[in-house]
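These notes concern the structure reproduced below.
The values are calculated or read from the model by the stated rules, or taken from the named source; none is laboratory data. Nothing here was measured: the structure is a model prediction, and the numbers come from that model. Every residue, glycine as well, gets a Cβ built from its backbone with ideal geometry; the counts of neighbours run over all protein chains shown. The area values use the complete protein model at the heavy-atom level, side chains included, leaving out ligands, DNA and RNA. Shrake-Rupley method; radii C 1.70, N 1.55, O 1.52, S 1.80 Å.
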Amino acid sequence: MSLKRPRVLLDVDGVLADFLNEFLEFGNSLTGVRYKKEDIKKWDIFSYFDEENCKKCIKYLSDPGFAAGLEPYEGSKAALEKIKELAELFIVTVPVYSSMTWVYERTMWLKKHFNINSDQIVYTASKELVTGDIFVDDRPEHVSAWKHQNPSGIAILWSQEYNKLSEDICDYRINDWNTLVQIVKDARKKNKY
């Protein structure tokens, strides 16, 4: 008897990478407002800025160096090492389409911090079309859409302050690497054949 390795699909920004701190630092410098992470109550961070500053923020995200400069969340590296032992791991992430360097920088960032190769990365805004056993994302709409397309899969909303009010469909709402590793272990045990 062998164990089937579940396929785990992970988002990057808001799950592996601390996108919000870097974004807020720049956004706050534009407006003089001192937003903190806990002030952001909805996923669409751009809604906190006027149209002119939104354009500046999008340009900043598109500039070379932004994707490469993000910090991984504490505990993410060790957890991904455990998950890679238990499962097939794929990254499913939306690139900044206005950036000429985003995909390259993100690919190099994932290699540097998590030893993830380019053939383990899917760049798409249609994440629901990527099949797997476990899907983890911080955007409620992505989790709901993926669950709708993959009803037998495990949909996990990676809990952040900005998605706490969401009532979208998910099987779990977590923000703990040990819990995620346990979910993967349980999925692996369940799929004995």
Return only the number of the condition from (1) within 22 Å of Asn178 (Cα to Cα); (2) in contact (Cβ under 8 Å) with a residue 12 or more places away in the chain that Leu70 does not satisfy. (1)
Within region 104-115, identify whether any single residue is open to solvent by less than 40 Å² (accessible area, probe 1.4 Å), out of contact with any helix residue (DSSP H, G or I) (no Cβ under 6 Å at 6 or more places or on another chain) and of a type in the set (S, T, N, Q), and answer yes or no. no
For the structure I just gave you, tell me whether Val130 is hydrophobic (A, V, I, L, M, F, W, C), in contact with a strand residue (DSSP E or B) (Cβ under 6 Å, 6 or more places away or on another chain) and open to solvent by 40 Å² or more (accessible area, probe 1.4 Å). no
Checked region 163-191 for anything open to solvent by less than 60 Å² (accessible area, probe 1.4 Å) and either β-branched (Val, Ile, Thr) or in contact with a Phe, Trp or Tyr (Cβ under 7 Å, 6 or more places away or on another chain) (or both); matches are Asn163, Ile174, Thr179, Val181, Ile183, Val184
Output the number of the condition that Glu88 fails; it satisfies all remaining conditions of (1) within 21 Å of Tyr123 (Cα to Cα); (2) open to solvent by less than 50 Å² (accessible area, probe 1.4 Å); (3) not aromatic (Phe, Trp, Tyr). (2)
Within region 7-27, how many residues are in a helix (DSSP H, G or I) and surrounded by 14 or more Cβ atoms within 10 Å (Cβ to Cβ)? 7
For region 133-145, which positions are open to solvent by 20 Å² or more (accessible area, probe 1.4 Å), outside any helix (DSSP H, G or I) and closer than 25 Å to Lys185 by Cβ? Asp133
All-but-one check, Gln120 against (1) modelled with pLDDT under 95; (2) touching a strand residue (DSSP E or B) at 6+ places or on another chain (Cβ under 6 Å), failing number (1)
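Is it the case, given these coordinates, that Val96 is closer than 20 Å to Trp177 by Cβ and either among the polar types (S, T, N, Q) or surrounded by 14 or more Cβ atoms within 10 Å (Cβ to Cβ) (or both)? Spell out the reasoning first.
Numbers: closer than 20 Å to Trp177 by Cβ: no; either among the polar types (S, T, N, Q) or surrounded by 14 or more Cβ atoms within 10 Å (Cβ to Cβ) (or both): yes.
When the stated conditions are applied, Val96 does not pass them.
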Of everything in region 50-82, what is farther than 12 Å from Val15 by Cβ, in a helix (DSSP H, G or I) and open to solvent by less than 30 Å² (accessible area, probe 1.4 Å)? Give them in sequence order. Asn53, Cys54, Cys57, Leu61, Ser62, Ala67
Quick check on His148: is it in a helix (DSSP H, G or I) and within 13 Å of Leu10 (Cβ to Cβ)? no
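Scan Val92, Val96 and give me the residue that is assigned to a loop (DSSP other than H, G, I, E, B) and either free of Cβ contacts under 8 Å to residues at least 12 places away in the same chain or of a type in the set (Val, Ile, Thr) (or both).
Values: Val92 fails: assigned to a loop (DSSP other than H, G, I, E, B).
Answer to the check: Val96.
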Residue by residue through region 28-47, note down the ones that are open to solvent by 50 Å² or more (accessible area, probe 1.4 Å), closer than 22 Å to Leu157 by Cα, assigned to a helix (DSSP H, G or I) and not acidic (Asp, Glu). Lys37, Phe46, Ser47
